[in-house]
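Quick notes on the structure that follows.
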Amino acid sequence: MLAYILRRLWQMLPTMAGVVLLVFILFNWIGGDPAYLLAGKMSDAADIENIRRQLGTDQPMHVQLWIFVKQILTVDFGNAWSTGEPVARIIASRLGPSLTVLIPLTVLDTTIGIALALAVAFVRGSLTDRAVMLACTVGMSVSILVYIIAFQYGLAYKLGLFPVQGWGSAPGENLLRYAALPVLIGLAVSIAPTLRLYRSFVLDEVQQDYVRTARAKGLPERRIMWVHVLRNAAIPIITHVMANLPALLIGAFLLERFFGIPGIGREVILAVERSDFPVIKAITVYVAAATMVFNLLADLLYQAVDPRVRLA
């Protein structure tokens, strides 16, 4: 397994190099001259040239590319243009709040989705199955903004069950008090597509020969579903979860924005609004690296879930 991990890490290098090169081209050639953004409308040529010298954008392109590579290797992207705070410190401080929402949401969504998918597949074709699928279709048709406004107004403002927004300094308080409603909203939004997808994974396995063989041997239907079918359906489920984790980290920006959560998604939106290129470049590179790492973890989990899987 160690040899496989090292080989996969080695194979990530060309992909990461392509990402770095693409990000560099987009921000340095297509994104325009950052000196004009920082200098403001009332600047003169001397101010612009001084800013270029400080940023290193007056250097040849290959030198600028090497500076960018060194920033990635040293995990030092300089300071944010809008606040002057080190980019590494910004990302480190924003990661905790995002994970406080992301981890419970992912665990609950996956667990409930698997349980409901197996239960619905157990009564496949029945009125209950059709009713659940109809409810999922209706739930997927509603915008996340509707969920946020309805839940925030009804549960937080009217009933006072949760804070309307805010974030504290204690991790336990943030998890149980401030992150509870955003997690609930995220679960309400994600459970419908998750259930439909996992149900399709389960039904694909139900049609296989090994299921018919198990039934012919007289095994109880519940054991067939929860042991044999679930083990084989776990492979695409793991793929789905691991592929979505980096996207969830950024995609929760609406929840973070509406509830005042100082997370990565909210920071991305603020950086885009302020044209804060160092923050955007750093987050882009980190998300790309996280995507490749999660893909590797998914491959390792395949073998942990199903020993028949061989890492080649």
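Remarks
Yes or no, residue by residue, for (1) crowded, with 16+ Cβ neighbours inside 10 Å; (2) touching a Cys at 6+ places or on another chain (Cβ under 6 Å); (3) β-branched (V, I, T):
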| position | (1), (2), (3) |
| --- | --- |
| Q207 | no, no, no |
| A216 | no, no, no |
| I224 | yes, no, yes |
| V229 | yes, no, yes |
| A233 | yes, no, no |
| T239 | yes, no, yes |
| A243 | no, no, no |
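- V123 meets all of the listed conditions (1) modelled with pLDDT of 90 or more; (2) of a type in the set (V, I, T); (3) exposed (fewer than 14 other Cβ atoms within 10 Å of the Cβ) but one, namely (1).
- Considering A170, A117, the condition of being modelled with pLDDT of 90 or more and of a type in the set (G, A, S) is satisfied by A117 alone.
- When the residues of the stretch 136-172 are filtered to those that are assigned to a helix (DSSP H, G or I) and touching a residue at least 60 places away in the same chain (Cβ under 8 Å), the one that is nearest to the chain's Cα centre (by Cα) is I144.
- Flag for T83 being part of a loop (DSSP other than H, G, I, E, B), farther than 19 Å from G265 by Cα and either open to solvent by 40 Å² or more (accessible area, probe 1.4 Å) or of a type outside the set (F, W, Y) (or both): no
- Failed item, numbered, when V268 is tested on (1) within 19 Å of the chain's Cα centre (by Cα); (2) in contact (Cβ under 8 Å) with a residue 40 or more places away in the chain: (2)
- Taking the criterion of being surrounded by fewer than 17 Cβ atoms within 10 Å (Cβ to Cβ) and either more than 16 Å from I237 (Cα to Cα) or among the acidic types (D, E) (or both), the only residue of the stretch 103-118 that qualifies is I103.
- Some residue of the stretch 173-183 being closer than 16 Å to G113 by Cα and either assigned to a helix (DSSP H, G or I) or touching a strand residue (DSSP E or B) at 6+ places or on another chain (Cβ under 6 Å) (or both): yes
- Taking the conditions (1) free of Cβ contacts under 8 Å to residues at least 60 places away in the same chain; (2) over 25 Å from the mean Cα position of the chain (by Cα) in turn, A92 satisfies each one other than (2).
- Members of the stretch 41-74 found to be surrounded by 13 or more Cβ atoms within 10 Å (Cβ to Cβ), free of Cβ contacts under 8 Å to residues at least 24 places away in the same chain and assigned to a loop (DSSP other than H, G, I, E, B), listed by number: S43, G56, D58, Q59
- The stretch 184-217, residues that are without any contact (Cβ under 8 Å) to a residue 12 or more places away in the chain, farther than 24 Å from L248 by Cα and part of a helix (DSSP H, G or I): D209, R212, T213, R215, A216
- Residues of the stretch 261-312 that are open to solvent by 30 Å² or more (accessible area, probe 1.4 Å), outside any helix (DSSP H, G or I) and modelled with pLDDT of 85 or more: P262 alone.
- Sole residue being more than 21 Å from V101 (Cα to Cα) and modelled with pLDDT of 90 or more, chosen from R231, R212, R223, R199: R199
The values are calculated or read from the model by the stated rules, or taken from the named source; none is laboratory data. The structure presented is a predicted model; accordingly, all values stated were derived computationally and were not measured. Backbone-built Cβ (ideal geometry, glycine too); neighbour counts: all protein chains shown. Note: accessible area is taken over every heavy atom of the protein model, side chains too, but ligands, DNA and RNA are not part of it. Shrake-Rupley method; radii C 1.70, N 1.55, O 1.52, S 1.80 Å.
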